[in-house]
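Quick notes on the structure that follows.
Throughout, read-outs are computed from the coordinates displayed, never taken from laboratory work. Just so it is clear, the model here is predicted, and its values are computed rather than measured. Every residue, glycine as well, gets a Cβ built from its backbone with ideal geometry; the counts of neighbours run over all protein chains shown.
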Amino acid sequence: MGSLSQQVVVIIISSVFLLVVAIGIILLVLIYQKKQHLYVREKEQLKVDFEKQILESKLEIQEQTFKYISQEIHDNIGQVLSLAKLTINTMAASDPKILNEKIDSSKNLVGKAIEDLRNLSRNLNTDYITGLGLSISIENEIKILRNAAQYEIEVIKEGDPYRLQHQQELIIFRIFQEVLQNIIKHSRATCIKIIFYYEPSSFMLEISDNGIGFDVSRLQEKNKNQVGIGVLNMRHRANLVSADFTIDSIPGKGTVVKIKLPVNIN
Amino acid sequence: MFRNFVAILLEPLSYALFSIAFLLRISIEKQAKVKVLFIYYLVAAVGFGYASWLVFRNQNNTWIYNLLYLPAVVSICFYFHETFYKGSGKAIVKFFIALNVIYFIIRITLFGKMVIIDSFGYSLLSISVSFLSFVYFYQLLRHVNELKVWANFDFWLISSYLLYFLGSFFIFLLYANLTYDILHSYTYEQRSLLSVLWGVHNVLLFLSSLITLVGSLWVAYHNR
């Protein structure tokens with residue numbers, strides 16, 4: 001009897017022990033599951049934030065594009081066509097020599113307007129840019145800038161060239177365009193240097209000028225000025241393709257912009 | 001009176017609670033796995049109710065336990081089989097079903113009708129269900145989704161199974177041995193001790209059925 005009661009007590013204690021183990025396991029599962037649940041939610045939130053950022057960047061790019069088109073039409077194409085109209089208006093049949101000169105001038109002006117429109121169209125066409133590739137698209141931009149004969153432009157390619165993903169090429173090209181616009185508008189530079197670094201593990205585009213430069217610390221100011229917002233937008237865009245965007249400038253000594261992207265060419 | 005209730009009547013009551021929990025589930029989702037377990041628990045509630053009646057009439061009721069062993073194996077394992085997404089999980093369930101069924105056939109062939117409870121069979125079932133519960137928890141942690149774990153009826157049921165089957169393992173394993181030892185000197189005190197032990201088993205079973213019922217009500221309330 002004593003032995004039986006002892007055995008029963010041992011069995012009950014063992015059962016309680018196993019019950020506690022079972023409760024412990026369930027609690028552990030609950031805690032771990034809750035943590036994982038939180039992790040999944042955070043991941044989802046990050047994804048949503050990232051998509052929001054992409055959308056904001058797209059809207060911003062669209063806004064800039066509209067502004068760019070408006071400026072191009074107003075400053076270039078509109079001016080040239082107005083001049084062509086003025087030339088046509090002042091044509092008089094009296095002097096055939098002057099008339100021929102004015103007809104030639106009008107032809108040239110209309111030809112320039114067509115060329116400007118073509119360049120504008122190419123600049124805006126995403127398929128055209130991704131089709132040509134980053135390197136050729138940048139060279140085309142430089143060719144247009146060289147025609148203005150205001151800048152001494154040098155292009156260097158280090159390493160064996162390769163193509164990047166379409167999205168990466170497009171975003172880097174848009175950043176390049178903005179950097180170029182900034183140089184034209186604000187830098188008062190005379191020389192522009194563009195270097196492509198094709199390395200096996202990374203790609204880097206470096207754009208430098210010998211302009212007036214600016215104080216980089218102004219970018220850190222809380223109330224962002226126009227320059228700060230522009231740089232921030234370029235940095236955001238670079239982040240979208242996991243690229244690093246750095247800007248270095250000394251007042252009076254020019255500016256260097258670097259866009260570095262990790263790649264795996266294998 | 002209370003002792004009799006815990007040792008004898010709590011078992012059919014627990015199976016009845018399981019049946020109610022599964023009846024509630026059937027009203028929400030008409031899955032085969034839920035229907036199978038509902039039928040099993042309904043049959044078990046009736047079977048163990050009859051077993052309790054036999055106890056009051058001082059008749060042997062062990063055959064009911066030994067008979068309901070196989071339906072328990074098949075229905076519970078079927079539930080796990082339908083709950084697991086992956087082939088590996090389903091293969092583990094098939095292995096345990098095969099193991100239990102082979103054991104049942106061998107037992108019937110070698111021993112025929114047993115006068116004491118089939119301890120080995122029930123402890124095998126206990127180990128099988130506990131192992132499958134671990135596999136379920138592993139699957140749960142590997143595939144985290146937006147749904148909260150409390151809103152998942154499988155979690156409630158399988159947690160209750162783990163508590164009951166793991167907690168009762170030693171009782172199942174040693175109960176027949178204890179019964180066998182005192183078979184020839186079956187005194188009132190010895191019988192009382194064994195009923196205490198079975199009472200502990202019944203409390204675990206009741207706890208398990210209560211968790212399942214609460215889970216069923218909770219999930220039904222939150223998924224309205």
- Selected from A:ILE138, A:ILE23, A:ILE98 as most flexible by GNM, with chain A as the system and alpha-carbon contacts under 10 Å: A:ILE23
- Note on the structure: In deg cm²/dmol, rounded to the nearest 500, the helical mean residue ellipticity at 222 nm of the protein assembly as shown, built from -39500 (n - 2.57) for every DSSP H run of length 4 or more, is -24500 deg cm²/dmol
- Task: Could you pull out the pairs from A:LYS35/B:LYS33; A:LYS35/B:LYS86; A:LYS35/A:LYS58; A:LYS107/A:LYS185 whose alpha carbons sit more than 25 Å apart here?
- Result: A:LYS35/B:LYS33; A:LYS35/A:LYS58; A:LYS107/A:LYS185
- Could you work out how far helix B:119-142 tilts from the main Cα principal axis of chain B, as a 0 to 90 degree angle to the nearest 10? 20 degrees
- Relative compactness, the protein assembly as shown, computed as alpha-carbon Rg over 2.2 N^0.38 Å: 1.77
- antiparallel share of DSSP beta bridges within the protein assembly as shown, to nearest 5, in %, is 75 percent
- Return, ordered by residue number, the residues of the stretch A:53-87 whose backbone nitrogen is under 11 Å from a label point located 7 Å along Cα→Cβ of A:SER105. A:83-87
- Task: Extending each Cα 7 Å along its Cβ direction at B:ILE102 and A:LEU28, get the distance between those two points in nm, one decimal.
- Result: 3.0 nm
- Alpha carbon centroid spacing (whole Å) that separates the stretch B:1-36 from the stretch A:131-159: 80 Å
- Computed over the Cα atoms of chain A, what is the ratio Rg over Rh, Rh following Kirkwood? 1.34
- Enumerate the aspartates and glutamates that A:LYS34 could reach by cross-link, defined here as Cα to Cα under 18 Å, with residues fewer than 8 away along the same chain left out. A:GLU42, A:GLU44, B:GLU146, B:ASP154
- Message: Past the 22 angstrom mark, what percentage of all C-alpha to C-alpha distances in the stretch A:89-201 do you count?
- Response: 49 percent
- Of A:GLY24, A:GLY213, A:GLY111, which has the largest mean-square fluctuation in a 10 Å C-alpha GNM of chain A? A:GLY24
- Identify which of A:LYS43, A:LYS253, A:LYS185 has the largest mean-square fluctuation in a Gaussian network model of chain A, with springs joining Cα atoms closer than 10 Å. A:LYS43
- If the label point is 7 Å along Cα→Cβ of A:GLN79, which residues in the stretch A:144-170 have backbone nitrogen under 20 Å from it? A:144-152
- Message: If you average the alpha carbon positions of the stretch B:160-194 and of the stretch B:51-110, how far apart do those two centres end up, in angstrom?
- Response: 19 Å
